[in-house]
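Encoded as structure tokens, the structure appears first; notes follow it.
The values are calculated or read from the model by the stated rules, or taken from the named source; none is laboratory data. Given the structure is predicted, the values throughout are model-derived calculations rather than measurements. Because the Cβ atoms are built from the backbone with ideal geometry, glycine has one as well, and the counts that use them run over all protein chains shown.
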Amino acid sequence: MADKIKPTEQTLDPQDWDSMRQLGHEMIDDMFEYLKTIGDYPIWKKPSEPSKNALTVAIPQAGESADSVYHQFKENILPFAMGNIHPRFWGWVNGTGTPLTMLAEMLAAGMNPNCGVGDHAANYLELQVLDWCKEMLGYPKQASGLLVSGGSMANMLSLAVARNSIDGLNVRNDGIASAKLRIYYSTETHNSVQKTIELLGLGAASIRKISVDQHFKMKTDELAAAIATDLSDGLLPFCVIGNVGTVNTGAIDDLQQISAICKKHNLWFHVDGAFGAITNILPEFHDKLAGMEQADSLAFDLHKWLYIPYEAGCFLIKDPKKHEAAFTVVPDYLMHHERGLAGGPNPPGNLGIELSRGFKALKVWFSLKEHGVEKYRTLVRQNIAQAGYLASLVEKTSELELMAPAPMNIVCYRFKKAGLKQDVLNELNKEILMELHEQGIAVPTFTLIDKKYVIRVAITNHRSRREDFDVLVQETLRLGNELIRRFQ
Ligand SMILES: Cc1ncc(COP(=O)(O)O)c(C=O)c1O
């Protein structure tokens, strides 16, 4: 009798748990094989026309089987991946992920907590991970922080705290329309900062870009002079940004000097250490990083040089009161309670602008526990040594030219031939780069240094081996010598 009663309410859970479980096992098997053999395949394939067409269909009104959807994923999506988990990927500054963190992502999605509020394990785990970040970066333990999507968001929220903490202004209430605020950073600073400044309502006119020396480090005498001029013009300097690892070349600004200038004028000192800050786990970097611990705020990424899968960034604010005062708005429906699920740690939703937040801490926790900081030391050192190896190969090769110092994990070089004009060399190197991608060989990317197009290799990849850099050099030479005929 009971089985004749048909349920009238529905769910998205499977009707047949066993076949869903079997599909899950198949997916895991497939992904492990994929990760294990990734280096055997071309690094990148342009998405095919049929695969793109398959992604422009009308929204399905009726569902289909999970097996069928997975089949389409394998056919149209997986083969056209970005390639950033491949051993020869060194584009932009991209992370590579790991097998266990892939599984951790599955566990986090299975638990599916909202990490904006509440007395539950995920929010305590985030505090644990933030404490570990402070320890790795040598940042004071009492600092407050938050996991965010990446370095751009970390810069944005840090600078929002800086803007909201200016003495004598109540920006949260009054806005900034009447303030003539000024912010200072080097010409090598990442574009996320300018986007942030515009978004925070400060206007791009508030930016003072300070030039760099031959090592691409901010000229601090020019910084001091710019601040003095602005003060005497009645403007209101409020913040200086120092870089730990510039995006073009990996340069580290003189943080001690910047910190001293900030202290002298009571300015907020922010550090963008998106990928470079993690080098603090290496004692041999401590001298170069001296002063980072003085920063009022520090932005960095875990999805870059900690090899955590996307997305995972973090920012830390030295004064927790200023952090909280920058964002907290507590409506009736979010009041903190003494007990029950609405109690627990200070709601992370009060420390940024997102209320609904995914469980980013789990993958970081898994990875740090699985490998320990010592293993990370080995890997970060390995990448730095690989950059040194590549730079030395370039210097030894007469048809290649090293275009900037390589103080960390970034190498900028180009193919050259005597007698070719600058614009021809630019075009030639751009062609070489596109062929490296299209032939599925390697993915460096590019930048301009003094208007010269350079091939830029940023190594935050635990799968790269020295032989991969030999391949890059050989193939750059092969392509350069083949393509040059078009330009002569
Ligand atoms: C120095 C620097 N700052 C900020 C960012 C932005 O970080 P994300 O891409 O995680 O938003 C990057 C990205 O490469 C970077 O290299």
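Among the candidates Glu64, Glu26, single out the residue that is without any contact (Cβ under 8 Å) to a residue 40 or more places away in the chain and not basic (Lys, Arg). I'd like the intermediate steps shown before the answer.
Numbers: Glu26 fails: without any contact (Cβ under 8 Å) to a residue 40 or more places away in the chain.
Within the list Glu64, Glu26, the selection yields Glu64.
Quick check, is Trp132 in contact with a strand residue (DSSP E or B) (Cβ under 9 Å, 6 or more places away or on another chain) and either modelled with pLDDT of 95 or more or not polar (S, T, N, Q) (or both)?
On the way: in contact with a strand residue (DSSP E or B) (Cβ under 9 Å, 6 or more places away or on another chain): no; either modelled with pLDDT of 95 or more or not polar (S, T, N, Q) (or both): yes.
No; evaluated as a whole, the condition is false for this residue.
Can you find, within the stretch 190-206, the residue that is nearest to the ligand (Cβ to nearest atom) among those that are farther than 16 Å from Gly150 by Cβ and in a loop (DSSP other than H, G, I, E, B)?
Ranking the qualifying residues of the stretch 190-206, first place goes to Leu200.
Starting from the stretch 244-258, take each residue that is in contact (Cβ under 8 Å) with a residue 12 or more places away in the chain and small (Gly, Ala, Ser) and list its partners that are near the ligand (Cβ under 9 Å from one of its atoms) and assigned to a loop (DSSP other than H, G, I, E, B), counting only C-beta distances under 6 angstrom and pairs at least six apart or across chains.
Gly245/Phe275
Answer yes if at least one residue in the stretch 322-342 is touching a His at 6+ places or on another chain (Cβ under 6 Å) and loosely packed, with under 14 Cβ neighbours inside 10 Å, and no otherwise. Explain how you work it out, then say what you get.
So the first thing to find is which residues in the stretch 322-342 are touching a His at 6+ places or on another chain (Cβ under 6 Å), and the list is none.
No, every residue in the stretch 322-342 fails to be touching a His at 6+ places or on another chain (Cβ under 6 Å) and loosely packed, with under 14 Cβ neighbours inside 10 Å.
Hey, does the stretch 170-188 have a residue that's of a type in the set (S, T, N, Q), away from the ligand (no atom under 16 Å from the Cβ) and crowded, with 16+ Cβ neighbours inside 10 Å? Full working, then the answer.
Here is the first cut: in the stretch 170-188, the ones of a type in the set (S, T, N, Q) are 170, 173, 178, 186-187.
Remaining after also requiring away from the ligand (no atom under 16 Å from the Cβ): 170, 173, 178.
The next check asks that each one be crowded, with 16+ Cβ neighbours inside 10 Å; those that pass are none.
No, because not a single residue in the stretch 170-188 is of a type in the set (S, T, N, Q), away from the ligand (no atom under 16 Å from the Cβ) and crowded, with 16+ Cβ neighbours inside 10 Å.
If you check every pair at least six apart or on different chains, which have Cβ atoms under 9 Å apart with a residue in the stretch 324-345 that is without any contact (Cβ under 8 Å) to a residue 40 or more places away in the chain first and a residue that is small (Gly, Ala, Ser) second?
What qualifies is Met335/Ala342; His336/Ala342; His336/Gly343; His336/Gly344; His337/Gly343; His337/Gly344.
Out of all the residues in the stretch 358-390, which are of a type in the set (Lys, Arg) and more than 20 Å from the chain's Cα centre (by Cα)? Even if it seems obvious, please write down each step before you answer.
Here is the first cut: in the stretch 358-390, the residues of a type in the set (Lys, Arg) are 360, 363, 369, 375, 377, 381.
Those that are of a type in the set (Lys, Arg) and more than 20 Å from the chain's Cα centre (by Cα): Lys369, Lys375.
Can you name the condition, by its number, that Asn170 falls short on among (1) on the phi > 0 side of the Ramachandran plot; (2) free of Cβ contacts under 8 Å to residues at least 40 places away in the same chain; (3) not aliphatic (A, V, I, L, M)?
With respect to (1) on the phi > 0 side of the Ramachandran plot; (2) free of Cβ contacts under 8 Å to residues at least 40 places away in the same chain; (3) not aliphatic (A, V, I, L, M), Asn170 is out only on (1).
Take the residues in the stretch 227-250 that are small (Gly, Ala, Ser) and closer than 14 Å to Met292 by Cβ, then tell me which one is farthest from the ligand (Cβ to nearest atom).
The first filter runs over the stretch 227-250 and keeps only residues small (Gly, Ala, Ser), leaving 228, 232, 234, 242, 245, 250.
Adding the requirement that they be closer than 14 Å to Met292 by Cβ leaves 242, 245.
Working: Gly242: 11, Gly245: 6 Å.
Here the residue is Gly242.
From the list Gln386, Gln439, Gln488, Gln474, which one is at pLDDT below 95 and not assigned by TED's automatic domain parsing to the domain that holds Phe300? If you could, list the steps in order and put the result at the bottom.
Numbers: Gln386 fails: at pLDDT below 95; Gln439 fails: at pLDDT below 95; Gln474 fails: at pLDDT below 95.
From the options Gln386, Gln439, Gln488, Gln474, the qualifying one is Gln488.
Only one of these conditions is not met by Leu181: (1) over 22 Å from Lys217 (Cα atoms); (2) out of contact with any Ser or Thr (no Cβ under 6 Å at 6 or more places or on another chain); (3) without any contact (Cβ under 8 Å) to a residue 60 or more places away in the chain. Which number is it?
Every condition holds for Leu181 apart from (2).
Residues to consider are Gly151, Gly116, Gly145, Gly95; find the one that is buried (at least 22 other Cβ atoms within 10 Å of the Cβ) and touching a Gly at 6+ places or on another chain (Cβ under 6 Å).
Values: Gly116 fails: buried (at least 22 other Cβ atoms within 10 Å of the Cβ); Gly145 fails: touching a Gly at 6+ places or on another chain (Cβ under 6 Å); Gly95 fails: touching a Gly at 6+ places or on another chain (Cβ under 6 Å).
Exactly one of Gly151, Gly116, Gly145, Gly95 is buried (at least 22 other Cβ atoms within 10 Å of the Cβ) and touching a Gly at 6+ places or on another chain (Cβ under 6 Å), namely Gly151.
Please go through (1) within 16 Å of the ligand (Cβ to nearest atom); (2) touching a helix residue (DSSP H, G or I) at 6+ places or on another chain (Cβ under 8 Å) for Ala224 and return the number of the only condition it doesn't satisfy.
Of the numbered conditions (1) within 16 Å of the ligand (Cβ to nearest atom); (2) touching a helix residue (DSSP H, G or I) at 6+ places or on another chain (Cβ under 8 Å), the odd one out for Ala224 is (1).
For the stretch 4-78, which helices (runs of 4 or more DSSP H) that fit wholly inside it have 2 or more residues that are acidic (Asp, Glu) and modelled with pLDDT under 95? Reasoning before the result, please.
Numbers: elements: 17-37, 49-53, 66-72.
The helices (runs of 4 or more DSSP H) meeting that bar number zero.
Residue-by-condition table, conditions (1) away from the ligand (no atom under 16 Å from the Cβ); (2) out of contact with any helix residue (DSSP H, G or I) (no Cβ under 7 Å at 6 or more places or on another chain); (3) in contact (Cβ under 8 Å) with a residue 40 or more places away in the chain:
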residue	(1), (2), (3)
Phe80	yes, no, no
Trp92	no, yes, yes
Met102	yes, no, yes
Cys133	no, yes, yes
Gly150	no, yes, yes
Met153	no, yes, yes
Ala160	no, no, yes
Ser165	yes, no, yes
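Does Gly118 satisfy the criteria of being assigned to a loop (DSSP other than H, G, I, E, B) and not assigned by TED's automatic domain parsing to the domain that holds Met335?
Values: assigned to a loop (DSSP other than H, G, I, E, B): yes; not assigned by TED's automatic domain parsing to the domain that holds Met335: no.
So Gly118 does not fit the description; no.
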